[in-house]
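> Sharing a structure below in structure tokens format, with a few things to ask.
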Protein chains: 2
Amino acid sequence: MALVVQKYGGSSVADAQSIKRIAKRIAEARRAGDDVVVVVSAMGDTTDELLDLAGEITPLPPKRELDILLTAGERISMSLLAMAITKLGVKAKSFTGQQAGLLTDAVHGRAQIVDVVPHRVHETLSKGQVAIVAGFQGVSRSNDVTTLGRGGSDTTAVALAAGLGADVCEIYTDVDGIFTADPRVASSARKIDRITYEEMLELAAGGAKVLALRAVEYARRYEVPVHVRSSFTTKTGTLVSGTYGDLIDPNAPAGSSAGQEEAKMEDPIISGVAHDDSEAKITVVGVPDKPGMAARLFEVVAGAGANIDMIVQNVSAASTGRTDISFTLPHASTSTTMAALNAARGEIGYDSLESDDQIGKLSLVGAGMKSNPGVSARLFGALRDAGINIEMISTSEIRISVVTRADSLHDAVRAVHHAFDLDSTDGEAVVYAGTGR
Amino acid sequence: MALVVQKYGGSSVADAQSIKRIAKRIAEARRAGDDVVVVVSAMGDTTDELLDLAGEITPLPPKRELDILLTAGERISMSLLAMAITKLGVKAKSFTGQQAGLLTDAVHGRAQIVDVVPHRVHETLSKGQVAIVAGFQGVSRSNDVTTLGRGGSDTTAVALAAGLGADVCEIYTDVDGIFTADPRVASSARKIDRITYEEMLELAAGGAKVLALRAVEYARRYEVPVHVRSSFTTKTGTLVSGTYGDLIDPNAPAGSSAGQEEAKMEDPIISGVAHDDSEAKITVVGVPDKPGMAARLFEVVAGAGANIDMIVQNVSAASTGRTDISFTLPHASTSTTMAALNAARGEIGYDSLESDDQIGKLSLVGAGMKSNPGVSARLFGALRDAGINIEMISTSEIRISVVTRADSLHDAVRAVHHAFDLDSTDGEAVVYAGTGR
């Protein structure tokens, strides 16, 4: 008798057949006695089709109107899903973001949730019915429709789970969970059974796309256990949760624990390898090494609207009193940022500008890294042995990221994955089977 | 400086090009100084496509969910239209039925408007912006989305015009206005310049499809002048209004009046001929002529959900004490109604049942009919001369309807249209031109 929030993405509701398939799954959960809240995205390509329509009208649609337009997508999928569940004999009601009490600020296109007041969802659950809620959307104080932007439906699901005090938020996808690396790149990648919010944050920020970064941040803040799993199987997926002690895993035999956690308490625990080829690098050469110069430089960059990721500043050469500053940013922001920096050249007084869109970023994520100097040595050694040059390095408590040439990124992922013993082995496959997967 | 409500149907917003076209028209009205509120239907076939999707899920979708699904259609068209108008440099905001304050009862699929509280529309107009409102939809007291059923967008437009105290409600369509007969049937049909609510009601009830019956009822009750006109021209269309005295026609030269109204005060003024081939006839033969029998019979019919139109009961034959009762109803309701009557045969004690789906109905509508016996004589004479048999007759203050064979209906329309001098002539064409059309 748990309270479960389930989130299904666009591919899970792409057509009538898919909708019927997940309706069956939802009806089964309800019949098993769980209180079920479902968050849905728009069907398949609906959002893109609506964007195309807007594009036919105007290149710059007012954001308020674009939000109204896009939210038509979830309206369609949620009502169809409610019909499909009802047809199976389980009562279901669908709710817009406004009806479900997802209150946001008024920043159209990337609204932030300010409160969740799910009276009608509670009421629906109390009648033993399934509540279906439109993902990605909310309502502002002025009763205007807003959208949450990228990863919006994941965020809706986690926010509702937090607001309702749900036992778990299940994110359904077309893969089995979070993997130690992208299985399309490293075929030996293993599914991760359990991972902390912080590690998941670093993986998502490093390029893992299964779960939206923002939803993980929300889950971490409100301590919502998130279960990432496949909508095509009943296998347990990956549980994202705060600490290793209090995990919920109904399928695991009592007393058992996954292979990774059997290591010594103080050993670093490597979660996985993420990679990202969506960034470019800009280097500002010969910046005067004076107080406030970096601040001014990044004011210019922020003014161009770019989301900066890694920043590296070299120690300045004593002979010149100048330094080089490199940073990575999304491909799409490169040209506007270059233009803004060019315009500010006189003010900042740098020597030259370089941009490079042929880079790749690899991130190794895991707990206990900082206190284990061996981790970075092993990472750099693995890349050296694979003949891969490192162009930038950046570290956090639980992550080491390196920038390489884009065309060696996949080799780098495989080399690092192997060097940290993340590859699937026979022994581990047995553990897999042993926990009922 | 008028306050104008404009309503555009699905064909006027069928694609991006059409939306841009009417956006231009709306922007011009705003630039000319009018306060403009626009009511839109869903794009082209959107509603049918959504119904098909629902049909793929279940044959009997819950009505609440169907309403949520269908209202996605206006959400798309209204936001696109707001974008298109904004692109032309005129600020526009779109509102759902809920946001525009269209409060309804909770009868999903055919909700009745209970109040119109258009605060946000007022606020938008006061800023000099165009307010766009989703047609066909409203919100119930429990904050559930409702739809108004057939002719819903016309009704939304008239209700908003009433609630806002608009000077006129313009209904845009793909024809030039209301005609003396369907121009596809009687090619000589003339556009009607002015018509009273009552006559328009009878024409709509008689089968004229340009304006929804329900919207006319609403307009009559709240005395909203309705201007039915083409979205493809700037010609004046047909003004539907209470009395002939206080019509608004900005294009008419002062002191002029249209040809029809120049006749003597007491002469009947024929508005036009409507026809309808969507009905069938059921005859209950040999009903015992006892008090309450008709009531019981129509209780059975109402229980089958049929919308009865004409009812004719013959004088009972003294020899048998029995009578025949015939009535017309939509084709779609025939089989369920026949089944219900069959089941009640023992109780009612009639002799036999007959159904006939090959009928057509012609209605002649005009003021002053009842006090001019010559009208019906002329009508029946015209049909006799055309060799058309009359199967049923029903009359009101301002209408005479006859049922004919379906395959002689179009001939009947032409014959009657001609007999009442409704055909367009050279002289009238001059009057047309003279009033600037």
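> For the stretch B:359-388, which positions are exposed (fewer than 12 other Cβ atoms within 10 Å of the Cβ) and assigned to a loop (DSSP other than H, G, I, E, B)?
B:Ser371, B:Pro373, B:Gly387
> Would the stretch B:188-198 turn up any residue that is in contact (Cβ under 8 Å) with a residue 24 or more places away in the chain and in a helix (DSSP H, G or I)?
In the first step, residues of the stretch B:188-198 are kept if they are in contact (Cβ under 8 Å) with a residue 24 or more places away in the chain; the result is B:188-198.
Of the ones still in play, those that are also in a helix (DSSP H, G or I) are B:197-198.
Yes: the stretch B:188-198 contains one or more residues that are in contact (Cβ under 8 Å) with a residue 24 or more places away in the chain and in a helix (DSSP H, G or I).
> Any idea which residue in the stretch A:15-47 is farthest from A:Ala84 (Cα to Cα), counting only those that are within 14 Å of chain B (Cβ to nearest Cβ) and within 21 Å of the chain's Cα centre (by Cα)? Give the derivation first.
Keep residues of the stretch A:15-47 that are within 14 Å of chain B (Cβ to nearest Cβ), which gives A:15-24, A:26-27, A:38, A:40, A:42-44, A:46-47.
Of the ones still in play, those that are also within 21 Å of the chain's Cα centre (by Cα) are A:38, A:40, A:42-44, A:47.
On the way: A:Val38: 13, A:Val40: 13, A:Ala42: 16, A:Met43: 14, A:Gly44: 17, A:Thr47: 22 Å.
Only one residue fits best here, namely A:Thr47.
> Another one. Considering only the stretch A:131-148, state which residues are under 23 Å from the mean Cα position of the chain (by Cα) and either free of Cβ contacts under 8 Å to residues at least 24 places away in the same chain or away from every other protein chain (no Cβ under 11 Å) (or both).
Result: A:Val133, A:Gly135, A:Phe136, A:Gln137, A:Gly138, A:Thr146, A:Thr147, A:Leu148.
> Sort out which residues of the stretch A:35-50 are surrounded by 18 or more Cβ atoms within 10 Å (Cβ to Cβ) and touching a residue at least 24 places away in the same chain (Cβ under 8 Å), and write them in order of number. Before the answer, list the steps.
Of the residues in the stretch A:35-50, the ones surrounded by 18 or more Cβ atoms within 10 Å (Cβ to Cβ) are A:35-44, A:46-47, A:50.
Scanning the stretch A:35-50 gives A:Asp35, A:Val36, A:Val37, A:Val38, A:Val39, A:Val40, A:Ser41, A:Ala42, A:Met43, A:Gly44, A:Thr46, A:Thr47.
> Residues of the stretch B:342-378 being at pLDDT 90 or above and touching a Phe, Trp or Tyr at 6+ places or on another chain (Cβ under 8 Å), which ones?
Across the stretch B:342-378, the qualifying residue is only B:Leu364.
> What is the residue count in the stretch B:246-299 for residues that are under 25 Å from the mean Cα position of the chain (by Cα), at pLDDT 90 or above and farther than 21 Å from B:Ala419 by Cα?
Residues flagged as under 25 Å from the mean Cα position of the chain (by Cα), at pLDDT 90 or above and farther than 21 Å from B:Ala419 by Cα within the stretch B:246-299 amount to 6.
> Given the structure, is A:Val90 out of contact with any Phe, Trp or Tyr (no Cβ under 7 Å at 6 or more places or on another chain) and either crowded, with 24+ Cβ neighbours inside 10 Å or hydroxyl-bearing (Ser, Thr, Tyr) (or both)? Explain how you work it out, then say what you get.
Details: out of contact with any Phe, Trp or Tyr (no Cβ under 7 Å at 6 or more places or on another chain): yes; either crowded, with 24+ Cβ neighbours inside 10 Å or hydroxyl-bearing (Ser, Thr, Tyr) (or both): no.
Taking the combined requirement at face value, the residue does not satisfy it.
> In addition: For residues that are farther than 18 Å from A:Asp276 by Cα and within 9 Å of the chain's Cα centre (by Cα), tally how many sit in the stretch A:186-215. Even if it seems obvious, please write down each step before you answer.
First, pick out the residues of the stretch A:186-215 that are farther than 18 Å from A:Asp276 by Cα: A:188, A:190-198, A:215.
From the residues that got through so far, the ones that are within 9 Å of the chain's Cα centre (by Cα) too are A:215.
Looking only at that region, the number is 1.
> Let me ask something else. Could you list, ordered by first residue, the pairs with Cβ atoms under 8 Å in which the first is in the stretch B:75-90 and within 14 Å of B:Val36 (Cβ to Cβ) and facing another protein chain (nearest Cβ under 7 Å) and the second is among the acidic types (Asp, Glu) and surrounded by 24 or more Cβ atoms within 10 Å (Cβ to Cβ), at least 6 apart or interchain?
Here the result reads B:Ala82/A:Glu65; B:Thr86/A:Glu65, each pair linking the stretch B:75-90 to a residue that is among the acidic types (Asp, Glu) and surrounded by 24 or more Cβ atoms within 10 Å (Cβ to Cβ).
> Okay, moving on. Mind checking which residues of the stretch A:100-112 are surrounded by 23 or more Cβ atoms within 10 Å (Cβ to Cβ) and modelled with pLDDT of 95 or more? Write out each step before concluding.
First, pick out the residues of the stretch A:100-112 that are surrounded by 23 or more Cβ atoms within 10 Å (Cβ to Cβ): A:100, A:102, A:104, A:111.
Residues satisfying the conditions are A:Ala100, A:Leu102, A:Thr104.
> Across the stretch B:56-65, which residue is surrounded by the most Cβ atoms within 10 Å (Cβ to Cβ) among those that are of a type outside the set (Ser, Thr, Tyr) and either at the interface with chain A (Cβ under 7 Å from one of its Cβ atoms) or in contact (Cβ under 8 Å) with a residue 60 or more places away in the chain (or both)?
First pass over the stretch B:56-65, keeping only residues of a type outside the set (Ser, Thr, Tyr): B:56-57, B:59-65.
If we keep only those that are either at the interface with chain A (Cβ under 7 Å from one of its Cβ atoms) or in contact (Cβ under 8 Å) with a residue 60 or more places away in the chain (or both) too, we end up with B:56-57, B:61-62, B:64-65.
Values: B:Glu56: 14, B:Ile57: 23, B:Pro61: 22, B:Pro62: 21, B:Arg64: 21, B:Glu65: 27.
Here the residue is B:Glu65.
> Which condition number in (1) assigned to a loop (DSSP other than H, G, I, E, B); (2) touching a residue at least 24 places away in the same chain (Cβ under 8 Å) is the one that B:Ile308 fails?
Unmet condition: (2).
> Does A:Val121 meet the test of being among the β-branched types (Val, Ile, Thr), over 24 Å from the mean Cα position of the chain (by Cα) and within 14 Å of chain B (Cβ to nearest Cβ)?
Values: among the β-branched types (Val, Ile, Thr): yes; over 24 Å from the mean Cα position of the chain (by Cα): yes; within 14 Å of chain B (Cβ to nearest Cβ): yes.
Against the criterion (among the β-branched types (Val, Ile, Thr), over 24 Å from the mean Cα position of the chain (by Cα) and within 14 Å of chain B (Cβ to nearest Cβ)), A:Val121 qualifies.
> Exactly one of these conditions fails for A:Met1: (1) within 10 Å of chain B (Cβ to nearest Cβ); (2) modelled with pLDDT under 95; (3) over 30 Å from B:Leu80 (Cα atoms). Give me its number.
In the conditions (1) within 10 Å of chain B (Cβ to nearest Cβ); (2) modelled with pLDDT under 95; (3) over 30 Å from B:Leu80 (Cα atoms), A:Met1 misses (1) alone.
> At least 1 residues that are touching a helix residue (DSSP H, G or I) at 6+ places or on another chain (Cβ under 7 Å) and farther than 20 Å from A:Gln98 by Cα in each: list the helices (runs of 4 or more DSSP H) lying fully within the stretch A:1-76 that qualify.
Working: elements: A:16-31, A:46-57, A:63-70.
Correct list: A:16-31, A:46-57.
> When the stretch B:91-113 is examined, which residues are found to be within 14 Å of chain A (Cβ to nearest Cβ) and of a type in the set (S, T, N, Q)?
B:Ser94, B:Thr96, B:Gln98, B:Gln99 - these are the residues of the stretch B:91-113 that are within 14 Å of chain A (Cβ to nearest Cβ) and of a type in the set (S, T, N, Q).
> Identify all residues within the stretch B:172-222 that are acidic (Asp, Glu) and either surrounded by 23 or more Cβ atoms within 10 Å (Cβ to Cβ) or within 20 Å of B:Asp421 (Cα to Cα) (or both); write none if there are none.
Of everything in the stretch B:172-222, those that are acidic (Asp, Glu) and either surrounded by 23 or more Cβ atoms within 10 Å (Cβ to Cβ) or within 20 Å of B:Asp421 (Cα to Cα) (or both) turn out to be B:Asp182, B:Asp193, B:Glu199, B:Glu202.
> For B:Gly165, are the conditions met, namely being surrounded by fewer than 23 Cβ atoms within 10 Å (Cβ to Cβ), within 14 Å of chain A (Cβ to nearest Cβ) and either on the phi > 0 side of the Ramachandran plot or at pLDDT below 95 (or both)? First the steps, then the outcome.
Details: surrounded by fewer than 23 Cβ atoms within 10 Å (Cβ to Cβ): yes; within 14 Å of chain A (Cβ to nearest Cβ): no; either on the phi > 0 side of the Ramachandran plot or at pLDDT below 95 (or both): yes.
No.
> Could you identify the single residue in B:Ser278, B:Ser271 that is within 20 Å of B:Lys209 (Cβ to Cβ) and in contact with a Gly (Cβ under 7 Å, 6 or more places away or on another chain)?
Details: B:Ser278 fails: in contact with a Gly (Cβ under 7 Å, 6 or more places away or on another chain).
From the options B:Ser278, B:Ser271, the qualifying one is B:Ser271.
> State whether one or more residues within the stretch A:117-124 are basic (Lys, Arg) and either part of a loop (DSSP other than H, G, I, E, B) or in contact with a helix residue (DSSP H, G or I) (Cβ under 9 Å, 6 or more places away or on another chain) (or both). Full working, then the answer.
Going through the stretch A:117-124, the residues basic (Lys, Arg) turn out to be A:120.
The next check asks that each one be either part of a loop (DSSP other than H, G, I, E, B) or in contact with a helix residue (DSSP H, G or I) (Cβ under 9 Å, 6 or more places away or on another chain) (or both); those that pass are none.
No - not one qualifying residue is present in the stretch A:117-124.
> Shifting gears a bit: Exactly one condition in (1) within 9 Å of chain A (Cβ to nearest Cβ); (2) under 27 Å from A:Pro59 (Cα atoms) is false for B:Leu69; which is it?
B:Leu69 satisfies every listed condition except (2).
The values are calculated or read from the model by the stated rules, or taken from the named source; none is laboratory data. What you are looking at is a predicted structure, and each value in this text was computed from that prediction instead of being measured. Ideal geometry is used to build each Cβ from the backbone, glycine not excepted, and the neighbour counts take in all protein chains shown.
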